[in-house]
Each structure stands twice: as structure tokens, then as C-alpha cells.
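A short write-up of the structure that comes next.
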Amino acid sequence: MLQGFQHCGNILSMLVYNVIMNVTYREYEDNDFGELRDMIFCLYAEDPEGQPIDDAKIAKTINESETHPDKLRIVMIRADEAVVGYGILVFCWSNEYGGDILCIDELYIKKEYRGNRLASGFIGYLMNTYKNAAAMAVETTPSNEAALELYKRFGFEASRNNHLVLPLP
């Protein structure tokens, strides 16, 4: 089922756990706004090393995902009918990799649901859903050691290239 992903550790147990817990993934819907907004602000409060977030940026992200779902998707993570997290996915072409790269721009699980392999299950879901992607990319702040460990367990490696950003006005 998930051939070629030998770095996943015990992915079968993650998928089984997600079935037992009734974990589902679906596209963002307008009625998710309040909960999504709250989780985004929680992410930026817990991991404040990036750019600051505000309602205008969130609205632009939602609008972009609705206008260009081939470029940007917001996925709501649900367990037993409750929204427990979200992922923001960005797709871009890479000449170097010869295909689309699926970038996990943000991945957040509510604190009370952490430790239940929900983030692992989500990454497994992405690997299974986007089998045609040439690569997956993720970034995390240096202080987010739990996220870094999670990504390393799946086989993510530090890029040989430096990642530089020039914010434009």
C-alpha cells in the first residue's frame, strides 16, 4: 500500500490506530473558520519563531485555497467527529526533483490530542494520497524538537541547500 516508504517505522500501526480512533481528513469548509483561526493562533503562540500571524493573512490563505486548490489546500484533521488539527499544504514544481513537491506549510494538532499518533497518521495519509509527488518538504523551527523528531522518523532529511526568504512589501 505505501511502497517505497521504508523510513516510516510502524506505519501500519499508525493507520490502524487512526481507524480505531475514527480519524478522517477533509477539505476546509467555511464553518471551520473559527476553529481553524484558533488553532492557527495557538500554533504561532507555541512556536513563535516565524513571522507573526493575523486575521488578514489567515483570510488570504483561505481565499487562495478556495481559488487555487491545485496550489494550496487546507486539510482539517478530525477524530471521532471533533476537529483536532489542521494541515496547510502547498504544491510547487521542482526541476531538481522532476515533479511536484508537496510542502507541509503548517501542521498542528491540539494539545489535548497530542501523543495519539495523529500527526504521524496525517503524514501517512499524505504519502498515500499524493503518491505522484516527487518529494515532500516540511520546515520547522529549531526549537520544535518534537516535530523535528517526527519528521526524521519518516525519513525527512535536512536539505543540502540553504532555505532563504526575502519578505516583500
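Values quoted throughout were computed directly from the atomic coordinates according to the rules given, and no laboratory measurement underlies them. Since this is a predicted model, take the numbers as computed values, not measurements. Cβ: placed from backbone, ideal geometry, glycine included. Neighbour counts: every protein chain shown.
Sorting Leu89, Leu164 from the fewest to the most surrounding beta carbons within 10 angstrom yields Leu164, Leu89.
Eigenvalues of the Cα gyration tensor times 5, then square-rooted: what semi-axes does that give for the chain, in whole angstrom, largest first? If you can, show how the numbers build up before the last one.
Details: eigenvalues 102, 91, 55 Å².
Computed over the chain, the values are 23, 21, 17 Å.
Projecting label points 7 angstrom from Cα along Cα→Cβ for Phe33 and Lys57 puts them 2.0 nm apart. Computed extension gain for Glu157 through Phe91, at 0.36 nm per residue and net of the alpha carbon distance, reaches 21.9 nm.
Here the chain is assigned +1 on the Cβ of each Lys and Arg and -1 on the Cβ of each Asp and Glu. Its dipole about the Cα centre then comes out at about 580 debye.
Per 0.36 nm of contour for each residue apart, how much would the distance between Asn144 and Glu46 grow if the chain were fully extended, relative to their Cα-Cα spacing? List each step's numbers first, then the result.
Working: separation 98, 0.36 × 98 = 35.28 nm, distance 0.92 nm.
Value of the extension gain: 34.4 nm.
Taking 0.36 nm per residue of separation and subtracting the Cα-Cα distance, full extension of the segment from Val165 to Lys71 would add 31.9 nm.
Only alpha carbons enter this Debye calculation for region 59-151, each as an equal point scatterer, and the log10 of I(q)/I(0) it gives at q = 0.12, 0.25 Å⁻¹ is -0.40, -1.40.
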